[in-house]
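Trainee: Right, I'll just put the structure down here and ask away after.
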Amino acid sequence: MGDRVIVAEDLVKCYPRTNGKSGEKKTSKPAVDGVSFEIRKGQIFGLLGPNGAGKTTTIKMLGTLLIPTSGGATVLDHDIVKDYMEIRKRINIISGGDRGLYYRISGRQNLRFFSDLYRIPRRLRDVRIEELLQKVGLEKAADQRVEEYSRGMKQRLHIARGLVNDPDILFLDEPTIGLDPEISREVRGMVRDMSKDGKTLLLTTHNMNEAEELCDDINIIVGGKIVAKGTIAELKEAVRKKSVIEAEVRRMTPDVIEAVHSIDGVLNVACSSDAYRSILRIQVADGQDMVLPIAKRLENCRIIRVSREEPTLEDAYMSMVIGDA
Amino acid sequence: MPNLYAITGSFKKQALDFIADPQWIIPSLVAPFTFTLVTLMIYPERDASIVLYAVLGGGILGMWSNSLRASGFSINYDRMVGTLESLMVTPTPLMEVIAGRAIWNALIGLLNSLLVFILAEVVFQTSIRLADPLMFFIALAIILLSLSTIGLFLAAFFVFTRASSVLTQILELPIFIISGAMIPINLMPSWSWPLSFTFGPFWGVDALQIAAGVSSTSPIPVGYAGDLLILFAITAVYLTLTWMLFKKMDGKARESGSLGRY
């Protein structure tokens with residue numbers, strides 16, 4: 001094994017599909033199509049991609065919930081198809097979202113129940129649950145029913161549930177989805193703590209800041225295929241040849257975005273707005289030559305500034321996801 | 001070796017869920033209670049065997065309904081709240097998790113039959129006297145085990161379909177009738193008897209009736225010990241089928257990725 005704890009080789013997954021009208025059964029096009037990667041012990045590995053890219057399917061195959069259609073993988077040197085019970089003892093999956101907890105019973109009762117499924121002796125179980133409740137800041141709400149928990153509290157309980165068996169590997173499937181920035185920051189802190197505790201983490205997300213903040217290595221998956229892989233620095237380097245121009249304006253309309261996008265050499269335009277201003281991040285083939293034509297298209301938008309920027313991970317991601325890389 | 005932590009933990013969790021959600025009182029307690037009440041009121045001239053049929057019938061109905069509904073709904077509940085995948089990713093086979101729940105469900109049915117018994121005694125002053133209480137309770141305990149196994153089987157079966165609520169409605173009364181708990185099966189057409197013979201609790205009900213002092217109405221009278229022996233054998237068959245079904249379910253669910261859908 002060396003220090004490689006997860007090795008995925010040419011993983012493919014096609015789901016059986018039923019036609020809603022005729023009831024005819026078919027096999028879908030691959031949700032995951034030839035995915036290969038390796039994860040080293042103690043790493044935080046990020047799997048980035050848009051919705052429907054195949055991130056969750058990949059996690060489910062490695063987490064032994066799905067059998068690959070072809071290809072294979074080992075987790076902690078065990079085959080994901082044949083030795084799944086051995087793998088399950090040493091991994092856990094934490095998902096984002098409201099579901100996945102028993103809401104009529106308390107947080108503590110949820111943790112006790114899931115601990116029992118891992119054959120954890122009663123005394124150790126109770127000590128560990130106390131520690132986990134403190135770690136995720138739920139000690140005061142531990143005996144409250146989960147249905148009374150806020151969204152953030154549920155996510156903290158998800159994290160505690162994922163740690164009840166003290167796993168070597170944790171699969172985190174969009175753990176901050178739907179959380180407000182403050183709770184997201186707390187959850188990211190918890191993820192960092194898990195890494196400090198020596199756990200190997202596979203994190204899926206489409207939040208670039210999160211990936212940039214947490215991940216050692218990143219794979220970008222689009223349409224079931226890995227389109228880019230490397231460290232954050234390496235991914236940024238890959239798009240460095242394409243400069244980014246950032247324009248801050250007072251007024252912005254979809255027509256203007258379209259007009260900017262239509263300029264020869266513009267590869268991608270991303271716009272974020274608040275009540276007072278809009279910021280356009282424009283990926284171009286050559287930044288030096290493009291500032292003036294872009295500024296010209298924006299002249300009716302009350303320009304605050306136009307500047308050339310270093311590409312971020314988000315630029316790299318957008319470039320690869322949209323396919324202009 | 002089964003994970004006893006998981007079975008007891010699952011039993012406790014089911015109990016907590018039951019207490020937290022009082023709506024279960026209606027199918028588990030109110031319905032069989034009403035059923036017994038109506039039966040007792042239909043027969044103003046209550047001889048001992050009618051009373052026993054009513055009380056046993058109400059009790060067995062409670063146990064059966066509870067196993068059917070609660071175990072049938074068991075996995076769908078996990079689908080609904082999104083916990084099925086969290087269960088499947090643990091090293092405990094799903095069958096052991098559901099076993100703890102099925103035992104609780106059958107036990108609640110037993111509690112219901114005791115309440116029916118008390119109702120008959122207190123409200124209708126039926127003065128039920130059991131010929132052999134020990135034999136009666138042994139038979140009752142084995143029926144409980146058999147119903148738990150049926151609950152397990154149904155839970156596995158219902159993983160393959162999301163129409164479990166419809167199926168539980170359809171299965172409730174016909175199977176109750178073939179159990180012979182309320183209507184002696186020798187009053188039923190003979191073509192229906194083989195259905196009764198393959199349903200374990202039918203033999204258990206016959207053993208209960210013998211232990212209660214009512215003569216057996218089985219078309220194949222095999223006596224108390226014979227009834228229990230057959231009940232054990234059928235329960236063992238159910239258990240084997242259930243194990244196979246759970247195995248198949250596990251493989252199929254991992255193939256199709258349908259666990260998370262509701």
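Please treat every number below as a calculation from the coordinates, not as lab data. Just so you know, these numbers come straight off a predicted model, no measurement behind them. Glycine also receives a Cβ, built like all others from the backbone with ideal geometry; neighbour counts cover every protein chain displayed.
Trainee: Averaged over B:89-102, how many beta carbons belonging to a partner chain fall within 10 Å of each residue's beta carbon? Mind showing how you got there, number by number?
Mentor: Details: counts 13, 13, 13, 7, 2, 1, 0, 1, 3, 0, 0, 2, 0, 0.
Counting other chains' Cβ atoms within 10 Å and averaging over B:89-102 gives 4.
Trainee: Under 10 °C and 1.306 mPa s, how fast does chain A diffuse according to Stokes-Einstein, given a Kirkwood radius computed over C-alpha pairs? Answer in µm²/s, whole number. Provide the component values of the computation, followed by the final result.
Mentor: Values: Rh = 21.9 Å.
For the chosen part, D equals 73 µm²/s.
Trainee: Once Lys and Arg get +1 and Asp and Glu get -1 on their Cβ, which of A:206, B:93, A:94 lies farthest toward the positive end of the dipole of the protein assembly as shown?
Mentor: Working it through, the farthest residue towards the positive pole turns out to be B:93.
Trainee: Sticking with this one: Counting helices only, and only those DSSP H runs with n ≥ 4, report the 222 nm mean residue ellipticity of chain B as the sum of -39,500 (n - 2.57) divided by its residues, in deg cm²/dmol to the nearest 500.
Mentor: Working: 11 runs with 186 residues, N = 262.
Rounded to the nearest 500, the figure is -24000 deg cm²/dmol.
Trainee: For region B:4-256, what number results from the quotient of the Cα radius of gyration and 2.2 N^0.38 Å?
Mentor: 1.01
Trainee: Give me a single rounded figure for B:9-15: the average over its residues of other chain Cβ atoms within 10 Å of their Cβ.
Mentor: Across the residues of B:9-15, the mean count of other-chain Cβ atoms within 10 Å is 4.
Trainee: A follow-up question, please. Nearest 20 debye, what's the magnitude of the dipole of the protein assembly as shown about its Cα centre given +1 on Lys and Arg Cβ and -1 on Asp and Glu Cβ? Could you put the intermediate results ahead of the total?
Mentor: Details: 64 positive and 63 negative charges, 48 e Å.
Result for the protein assembly as shown is approximately 240 debye, rounded to the nearest 20.
Trainee: What's the Kirkwood radius of region B:1-99 in Å, using all Cα pairs? Present the calculation step by step, with values, prior to reporting the outcome.
Mentor: Details: mean 1/r = 0.0636 Å⁻¹.
Hydrodynamic radius (Kirkwood, Cα pairs) of region B:1-99 is 15.7 Å.
Trainee: Taking every Cα atom in region A:174-236, find the radius of gyration and the maximum pairwise distance Dmax, and write them in Å.
Mentor: Cα-based Rg and Dmax for region A:174-236 come out at 12.3, 34 Å.
Trainee: On the principal axes of its Cα set, how long, how wide and how thick is region A:1-107? Give whole Å, largest value first.
Mentor: Result for region A:1-107: principal-axis Cα extents of 50, 42, 29 Å.
Trainee: Here is a follow-up. Hey, in the GNM for chain A with a 10 angstrom Cα cutoff, which one of A:120, A:304, A:221 fluctuates hardest?
Mentor: Of A:120, A:304, A:221, the Gaussian network model singles out A:304 as fluctuating most.
Trainee: What's the whole-number percent of alpha carbon pairs in the protein assembly as shown lying beyond 32 angstrom?
Mentor: Working: 98394 of 171991 pairs.
Every Cα pair in the protein assembly as shown considered, those over 32 Å come to 57 percent.
Trainee: Work out how much length residue A:213 to residue A:197 would gain on full extension: take 0.36 nm times their residue separation and subtract the Cα-Cα distance, in nm to one decimal.
Mentor: Details: separation 16, 0.36 × 16 = 5.76 nm, distance 1.76 nm.
Extra length available between residue A:213 and residue A:197 comes to 4.0 nm.
Trainee: To the nearest 500 deg cm²/dmol, what mean residue ellipticity at 222 nm is calculated for chain A from DSSP H runs of n ≥ 4 alone, each contributing -39,500 (n - 2.57), summed and divided by the residues?
Mentor: On the way: 11 runs with 110 residues, N = 325.
Calculated from helices alone, the mean residue ellipticity at 222 nm is -10000 deg cm²/dmol.
Trainee: Could I ask something else about it? How many angstrom separate the Cα center of region A:26-42 from the Cα center of region B:193-256?
Mentor: 46 Å
Trainee: Specify the angular offset, from 0 to 90 degrees and rounded to the nearest 10, of the alpha carbon long axis of helix A:122-135 from the longest principal axis of the alpha carbons in chain A.
Mentor: 20 degrees
Trainee: Something else: Would you mind giving the three semi-axes, in whole Å and largest first, of the ellipsoid equivalent to region A:238-322 according to its Cα gyration tensor?
Mentor: Details: eigenvalues 76, 37, 26 Å².
Taking √(5λ) for each Cα gyration eigenvalue gives 20, 14, 11 Å.
Trainee: Return P(r) of region A:146-209 (all Cα-Cα pairs; 10 Å bins starting at 0; whole %; ordered from short to long distances).
Mentor: Final binned percentages: 20, 57, 22, 1.
Trainee: Need one value for A:107-117: mean number of C-beta atoms belonging to other chains within 10 Å of its residues' C-beta atoms.
Mentor: Neighbouring Cβ atoms belonging to other protein chains average 6 per residue here.
Trainee: Then there's this: Could you give the length gained on full extension between residue B:4 and residue B:131, defined as 0.36 nm per residue of separation minus the Cα-Cα distance, in nm?
Mentor: Working: separation 127, 0.36 × 127 = 45.72 nm, distance 3.63 nm.
Net length gain for the segment: 42.1 nm.
Trainee: I would also like to ask the following. Could you let me know the centre-to-centre spacing of region B:43-109 and region A:138-217, using Cα atoms, in angstrom?
Mentor: What the calculation gives is 36 Å, centre to centre.
Trainee: Quick one: which of A:41/A:225; A:55/A:236; A:41/A:236; A:89/A:225; A:26/B:252 span more than 26 angstrom between C-alpha atoms? Write down the numbers at each step before the final one.
Mentor: Numbers: A:41/A:225 24 Å; A:55/A:236 21 Å; A:41/A:236 24 Å; A:89/A:225 29 Å; A:26/B:252 16 Å.
Over 26 Å apart, Cα to Cα: A:89/A:225.
Trainee: Please report, in Å, the Rg and the Dmax of region B:87-137, where both are computed over Cα atoms only.
Mentor: Every Cα atom of region B:87-137 included, Rg and Dmax give 17.6, 53 Å.
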